[in-house]
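Here's the structure we're looking at; comments come further down.
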Amino acid sequence: MVRDMAAILNLNTPAHVIHFWVIQITLANLLVIILMIVVFALAILLPFPRHDHDQGSSS
Amino acid sequence: MSRAERKREDQRYRKWTGAYRPYDLIKEATIAFAVVLAMTFALTILLSSPDDPPVTMRSWSHAAPADFLSVAASELDGSSGTAGYGPPYNSAADGQHMLFIYPAKWLGVAHPIDTTRDFVIGPLRLLSGESGVQSALGTWESASPVQQSAWTTAYTNALAKATTNADGSVTVPAGSYGPVGTMMDALLAQAQSGGLDGALLTSNQFYNTDYTKILMMIQDDNGAGGYFNTRAQAEHLIGSPQWGMMNETGSFPGQVWLWLYTFWYQINPFSSSTNADLLVITLMGVLSLALILVPFLPGIRSIPRWIPIYKLIWRDHYRSTRRTQPEAGVSSS
Amino acid sequence: MSATSPPARKSWTVTVREKAVAALPPETMFPDGQPAYMSSWIYVFGVLSLASLAILLLTGTILALKGPMWWHDDSIGHFFNSLHMWAVELFFFFMVIHLWGKYWMAAWRGGRARVWMTGAITFVIAIPCALTGYVSQQNFDAQWISTQAKDAMNAAGIGSFFNLMNFGQMYSWHILLFPVMVVGVVVAHVLLVRHHGIVPPFALDDQRFAAGGAPEPSAQAHATHAQPTGDGASGDGGIPASPAPSGTEREQ
């Protein structure tokens, strides 16, 4: 059998599946989707650092 | 927007002639690479990746010998899923269609499989030293199709009452199965020794990388919840129906980007259609083309204008533009 | 080496060179300035997607160097297999957020339709590329995916020449044919981005983009630092004002 570098968290366990309406989705996949939406929102909302050189420019 | 207006707008946004600020492209790319590399390493060290061992004829026949025999009998009498699949494996059916279009049928039998010969007779013929098996094969091949069918039907019915012994063999209640009992016992022993894996991988050349035949037998299910399907069900790879295609074994994230593809299988008309695969893949082909052609699709291309998320993205620019050009006449909403 | 005097008939090489340099002059290929309106974290997702792709290619190369048994038999092999798998998740993660951002910016404006199209084509090609990877794992997951997805391939007739259960074929597509396609389209995408520049913001008077709409702005923006293109004349912070329908088009 494979000598595995053991992961810190073992994900080789049965998945949790969430059901609502016709949708069945594993917890891992749902977390990925939620994370994408959160990261997208943060990317748009978080202020972007401005540089000193921009002072005095028209924008 | 009229075509002339659209053309004017197109010209308007071609070039930015306003302010720039210093920017280091290579540095940004290097930082991005380092960040993503660090994330990849972090995820690997924290979570690793799955590597569930594959099903083999040997593991299947040891773990579920009665199930193995049930599938083997269906391959012998041509009642298995593979035997009745149609193109590209055989001509037993027409394959899926949409209106008058039969793509599988038109493309033909590209990977021919004769389940009786390829999954049972052929491998058993390799046991040339076992005279009992060869004699049973002779009896089978000289019998009429009606007689053969009677034997396999009786055997399959008896399998439901079979008992699995400690040594992995299966005892079927007495009945008139002709040579089928001997053939199935031999195939089971061959599988449990590992010989069937090799036999199903051989072709007319030494090197072979094509696992079609062995995989088709492994995935055949008599509708009784076969070994392969049961294992997939335990890993949530099936879903009901088809959500499983987004999933990975264990609790790992899978192929989330397949969400729309698998979604169509859940709703009518796809969920009740025997041509669901062809319908869904065609629909997704059309939607993929639409995604590529978004700039040309009326309505779709205007949604960003109507739902102004862009005002959040460019709020710094709008704020500073209003500061320096108060008479610019730009609307504030 | 160029001729010391202009040739009577232009050589193919000179023609290609001049077209290439005209489309992508060095200061466009390697700019040291960016438009001042690029002031949002959403802009990093393109380069994050590129970085993920680079890591996929690197880890994939190492996996290919050692061959398919390595990631089962050896713990370092399995480690690189894990790196490759998580790079796939990150690639799609960043690429889709990049797509969302570009959609809401309507980034195809101003003649940039091909930029959008090459990006969308990359996404569409990446999906079967991932599929061929999944069926090349040579584990239970690969067995399951290949035997299930074969039904969709067969239904569409594709299964007759693209056999998910043929490991040799799928591995070849995964480590060569699809990566070449993905990289080719991504290179075209990046070069088009460099050529066209990043799409300017919507001018806010766009909401009333009809005949006799927003008045022309009177102030001029002044440029700072490197300007790869443009002559400095501008309306709304660098975007020409919407000309009246009967007026002359402003030169770009």
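The values are calculated or read from the model by the stated rules, or taken from the named source; none is laboratory data. Everything quoted here is computed from the prediction, not taken from an experiment. Don't worry about glycine lacking a Cβ; one is built from the backbone with ideal geometry, like all the others, and counts go over all protein chains shown.
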Of those in the stretch B:288-305 that are surrounded by 15 or more Cβ atoms within 10 Å (Cβ to Cβ) and β-branched (Val, Ile, Thr), the residue nearest to the other protein chains (Cβ to nearest Cβ) is B:Ile292
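Among the residues of the stretch C:10-27, are any within 8 Å of chain A (Cβ to nearest Cβ), hydroxyl-bearing (Ser, Thr, Tyr) and either in a loop (DSSP other than H, G, I, E, B) or in contact with a strand residue (DSSP E or B) (Cβ under 8 Å, 6 or more places away or on another chain) (or both)?
Filtering the stretch C:10-27 for residues within 8 Å of chain A (Cβ to nearest Cβ) gives none.
Among the residues of the stretch C:10-27, not one is within 8 Å of chain A (Cβ to nearest Cβ), hydroxyl-bearing (Ser, Thr, Tyr) and either in a loop (DSSP other than H, G, I, E, B) or in contact with a strand residue (DSSP E or B) (Cβ under 8 Å, 6 or more places away or on another chain) (or both), which makes the answer no.
Which one is nearest to B:Ser302 (Cα to Cα), of the residues in the stretch B:3-40 that are among the polar types (S, T, N, Q) and within 7 Å of chain C (Cβ to nearest Cβ)?
Taking the stretch B:3-40 as the starting set, the residues that turn out to be among the polar types (S, T, N, Q) are B:11, B:17, B:30, B:40.
Imposing the further condition that a residue be within 7 Å of chain C (Cβ to nearest Cβ) reduces the set to B:11, B:17, B:40.
On the way: B:Gln11: 17, B:Thr17: 25, B:Thr40: 37 Å.
This residue is B:Gln11.
Please work out if C:Gly46 is within 28 Å of C:Phe202 (Cα to Cα), in contact with a His (Cβ under 8 Å, 6 or more places away or on another chain) and more than 7 Å from every other protein chain (Cβ to nearest Cβ).
Values: within 28 Å of C:Phe202 (Cα to Cα): yes; in contact with a His (Cβ under 8 Å, 6 or more places away or on another chain): yes; more than 7 Å from every other protein chain (Cβ to nearest Cβ): yes.
It is true that C:Gly46 is within 28 Å of C:Phe202 (Cα to Cα), in contact with a His (Cβ under 8 Å, 6 or more places away or on another chain) and more than 7 Å from every other protein chain (Cβ to nearest Cβ).
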Residues satisfying the stated conditions in the stretch C:61-106, i.e. touching a Pro at 6+ places or on another chain (Cβ under 9 Å) and either in a loop (DSSP other than H, G, I, E, B) or within 30 Å of B:Glu5 (Cβ to Cβ) (or both) = C:Tyr103, C:Trp104, C:Met105, C:Ala106
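What about B:Lys7, is it among the basic types (Lys, Arg) and modelled with pLDDT under 95?
Values: among the basic types (Lys, Arg): yes; modelled with pLDDT under 95: yes.
For B:Lys7, the condition - among the basic types (Lys, Arg) and modelled with pLDDT under 95 - is met.
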Filter the stretch B:239-286 for residues that are of a type in the set (Ser, Thr, Tyr) and assigned to a helix (DSSP H, G or I); the one that is farthest from the other protein chains (Cβ to nearest Cβ) is B:Ser272
Please verify whether the stretch B:58-77 includes one or more residues that are within 14 Å of another protein chain (Cβ to nearest Cβ) and touching a Lys or Arg at 6+ places or on another chain (Cβ under 8 Å).
-> no
Failed criterion for C:Arg109 (all others in (1) in a helix (DSSP H, G or I); (2) closer than 18 Å to C:Tyr43 by Cα hold) = (1)
Which condition breaks for C:Ala106 when tested against (1) of a type in the set (Gly, Ala, Ser); (2) touching a residue at least 24 places away in the same chain (Cβ under 8 Å); (3) more than 9 Å from chain B (Cβ to nearest Cβ); (4) more than 22 Å from C:Met181 (Cβ to Cβ)?
-> (3)
For the stretch B:78-87, state whether one or more residues are touching a residue at least 12 places away in the same chain (Cβ under 8 Å) and within 30 Å of C:Thr59 (Cβ to Cβ).
-> no
Within the stretch B:120-149, residues over 24 Å from B:Leu196 (Cβ atoms) and without any contact (Cβ under 8 Å) to a residue 24 or more places away in the chain come out as B:Ser142, B:Ser144, B:Pro145, B:Val146
